[in-house]
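Only one structure is covered here, and it is reproduced in the block below.
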Amino acid sequence: MKIRQITPAIGAELSDVSLGDAARDAGLFAEIKALLLKHRVLFLRDQDFTRAEHVAFARRFGKLEDHPVAGSDPENPGLVQIYRSEKRENYENNYHSDGLWRENPSMGAVLRCIECPELGGDTIWVNMVEAYKNLPDDIKHRIDGLRARNSIEHSFGAVMPAEKRRALAAKNPPAEHPVVRTHPETGEKVLNVCSFTTHFVNFHTPENVRYGLDKTPGASLLLNYLVSQANIPEYQVRFSWKPNSVAIWDNRSTQHYAVMDYWPAPRKMERAGIVGDIPY
């Protein structure tokens, strides 16, 4: 197996290795997992494996999860089909950490390209450990101990009729997480807010609020500042897809952004998302 680091902050490309083999070889899988913890996102080309092998490889990380909006392959539960066609409303271009609206957000995912446009449709990943590390000290002090609410209703639910949106929210109630989480395997501190985050839940205290303007818009301005850190190019890597290209990412320490610049060309991806832990 050959390893090529892509940027100083994040990302490595693996070659001369088959994820189909790694689904059956515990030693090879352990090597790939160690590289994932180091580089946060791994890229592979020409991975011609079956859907069953896709699922089997992802299950080595843990139990797979379904998605309340995107459908799964009926013969391979947990293999979510993200198929974008001619419908322009199929947008997804925002920085996010998968499932931050869940009590236990995704541990990570294995995403394979089935069909993609000749030009466009890249995906960007961001190192959110680096984003936290480089925050000014006064901001780190302000957000120490802060917790935030995260919701599926105002994102996936926004385009739904009101009744359907409320039903989605009822089945997937908002989740509260620390603004700075600790990675359970590396011990690193991670900036843990994204486009799913709606507000802080414990900001309105005497330490933070002198007058009303400190609360609103003060808290919103701070949240917007934190969310904007994912936009910094020095923390990012960008990947151009081809059929049978694969990305594996650690969702606990990254965010990603699917660039929506290819409409009306189709883009078909299949993702095996892995159930994660409760952030602390």
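Each value in this text was obtained by applying a stated rule to the coordinates, not by laboratory testing. Since we're looking at a predicted model, the values are computed, not measured. Reconstructed Cβ throughout: ideal geometry from the backbone, glycine too, with neighbour counts over all protein chains shown.
Counting other C-beta atoms within 10 Å, which of C194, C116 has the fewest, and how do the rest follow?
The fewest-first ordering by Cβ neighbours comes to C116, C194.
Mind checking the full-extension length gain between L28 and D138? Use 0.36 nm per residue of separation minus the Cα-Cα distance, one decimal, nm.
35.3 nm
Out of the trypsin sites (Lys or Arg not before Pro) in segment 171-244, which ones are loop residues according to DSSP with at most 10 other C-beta atoms within 10 Å?
Here the trypsin sites (Lys or Arg not before Pro) that fit, given the DSSP loop and packing criteria, are R210.
Got a sec to turn the phi values of segment 148-159 into Karplus ³J(HN,Hα) couplings, 6.51 cos²θ - 1.76 cosθ + 1.60 with θ = phi - 60°, whole Hz, x for Gly and Pro?
Result, ordered by residue: 9, 9, 10, 9, 8, 5, 8, 10, 4, x, 4, 8 Hz.
How far apart, in nm, are the 7 Å Cα→Cβ label points at E118 and N208?
5.2
Straight-line reach from K242: which lysines have a Cα under 25 Å away, not including same-chain ones fewer than 8 places off?
Straight-distance partners of K242: K2, K33, K38, K87, K268.
Residues with amide H under 5 Å of R84's amide H, sequence separation 5 or more or different chain, H placed in the peptide plane at 1.01 Å from N; which?
R267, K268, M269
With an 8 Å cut-off on Cα pairs and a minimum separation of 6 or more residues, tell me the relative contact order of the chain in percent. Before the final figure, lay out each step's value.
Details: 579 pairs, mean separation 100.4, N = 280.
Relative contact order for the chain comes out at 36 percent.
³J(HN,Hα) across segment 108-116 via Karplus (A = 6.51, B = -1.76, C = 1.60, θ = phi - 60°), whole Hz, x for Gly/Pro?
Here the 3J(HN,Hα) series is x, 7, 10, 10, 10, 8, 9, 8, 8 Hz.
What residue among L28, L223, Y83 has its Cα farthest toward the positive end of the dipole of the chain, where the charges are +1 on Lys, Arg and -1 on Asp, Glu, each on the Cβ?
L223
By counting other Cβ atoms within 10 Å of each Cβ, how are F29, F203 ranked from fewest to most?
Lowest count first: F29, F203.
Which entry in (1) 206; (2) 177; (3) 132 matches volume of the Cα convex hull per residue in Å³ derived from the coordinates of this structure?
(3)
Between I278 and E75, what length in nm is gained on full extension when 0.36 nm per residue of separation is reduced by their alpha carbon distance?
70.2 nm
Which order results if V246, V201 are arranged by neighbouring Cβ count within 10 Å, fewest first?
V201, V246
Just how large is the dipole of segment 133-259 about the Cα centre, in debye to the nearest 20, putting +1 at every Lys and Arg Cβ and -1 at every Asp and Glu Cβ?
Computed about the Cα centre, the dipole is about 380 debye.
Pairing the Cα long axis of helix 162-171 with the longest principal axis of the chain, what angle in degrees results, from 0 to 90 and rounded to the nearest 10?
Computed tilt is about 80 degrees.
Which FRET efficiency value, to the nearest 0.05, do you get for K171 and S228 by plugging their Cβ-Cβ distance into 1/(1 + (r/R0)^6) with R0 = 30 Å?
0.45
Using helices alone, what [θ] at 222 nm do you get for the chain, with -39,500 (n - 2.57) per DSSP H run of 4 or more residues, divided over all residues and rounded to the nearest 500?
So the calculated ellipticity at 222 nm is -6500 deg cm²/dmol.
Can you give me the distance in nm between label points at K164 and V259, each placed 7 Å from the Cα along the Cα-to-Cβ direction?
3.1
Using Cα pairs under 8 angstrom and six or more residues apart, how large is the relative contact order of segment 12-149, in percent? All intermediate terms of the calculation are to be shown ahead of the outcome.
Values: 80 pairs, mean separation 22.8, N = 138.
Relative contact order of segment 12-149: 17 percent.
Under a point-charge model restricted to the Cβ atoms of Lys and Arg (+1) and Asp and Glu (-1), what is the dipole moment magnitude of the chain relative to its Cα centre, in debye to the nearest 20? Write out the running numbers ahead of the final one.
Working: 35 positive and 36 negative charges, 83 e Å.
Around 400 debye, computed over the chain.
With r defined as the distance between the Cβ atoms of K63 and E185 and R0 fixed at 22 Å, what FRET efficiency is calculated, to the nearest 0.05?
That gives a FRET efficiency of 0.85.
Around T205, what is the net charge, scoring Lys/Arg as +1 and Asp/Glu as -1 over all other residues with Cβ under 13 Å from its Cβ?
+1
Can you tell me the relative contact order of segment 106-253? Whole percent, Cα pairs under 8 Å, sequence separation 6 or more.
44
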